[in-house]
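The values are calculated or read from the model by the stated rules, or taken from the named source; none is laboratory data. Predicted model only: the values in this text are computed from it and were never measured. With ideal geometry, Cβ positions are generated from the backbone for all residues, glycine too; neighbour counts draw on all protein chains shown. Ligands, DNA and RNA are excluded from the accessible area calculation, which covers all protein heavy atoms including side chains. Shrake-Rupley method; radii C 1.70, N 1.55, O 1.52, S 1.80 Å.
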Amino acid sequence: MPGLFFSHHNMTEINGKDDCKLAEGKIHKKKQKAFGADLKNYLKCMVPHLESGIKASNSRNVVLSAEEVMQWSQSLEKLLASQSGQGVFREFLKSEFSEENIEFWLACEDYKKTKSDHLHGKAERIYEEFVQSDAIKQINIDYHMREATAKRAQDPTHTSFDEAQKTVYVLMERDSYPRFLKSKAYLNLLNQLQTNNSK
């Protein structure tokens, strides 16, 4: 596939990702602390007025409830159905260096809603970013599925990435999702919301 797809902005982003990968070894010990700070900042945006209790809001602010956060533990599907859930789960995956899984899954969800005349461009971008063997955010699929997905991406339809997306979903469901539910990030968030609700 031709490699002329990336805009200048995306190339800058990719080079930044390479720099991050080079520095990963040096900052690995600081990662947990950084994850906590990142999540705290994310939650400050997602959960306004957390300290003063959760209030029903008619504004555009997203307000999390303990009930919604508890629903995330029912299934990965319920977690991913929530915008806030996607954000918190993505931060968790970043701490495990596996955020490419949720990014690929979300890219596939977006791809399925794409108008037919834009499929080719999006298929090429998803293939180059996640599927090809030297992709920056390469997903964990076997050789046969990688080859089959590459063929489907060359003559794209709305289902070109379905098989790979399902594999990545199952991987998250069996591997990262159970760890997320036991993580301090999830349990602390739930505890904080339950505490605020009971005030």
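A few notes on this one:
- Rg/Rh, computed from the Cα trace of the range 136-198 with Rh as the Kirkwood radius, has the value 1.25.
- Ranking by accessible area, most exposed first, for Trp105, Trp72 with a 1.4 Å probe: Trp105, Trp72
- Taking the charge dipole of the range 66-197 about its Cα centre, with +1 at Lys and Arg Cβ atoms and -1 at Asp and Glu Cβ atoms, the residue from Thr149, Thr195, Gly121 reaching farthest to the positive side is Thr195.
- Reduced Cα scattering model of the range 66-197, Debye log10 I(q)/I(0), q = 0.11, 0.17 Å⁻¹: -0.43, -0.87
- Ser198 accessible area, 1.4 Å probe, all protein chains in place, Å² to nearest 10: 90 Å²
- Accessible-area composition of the range 65-188, carbon plus sulfur, in percent [1.4 Å probe]: 48 percent
- Between Lys166 and Lys182, the modelled label-to-label distance comes to 2.9 nm, taking each label 7 Å out from Cα in the direction of the beta carbon.
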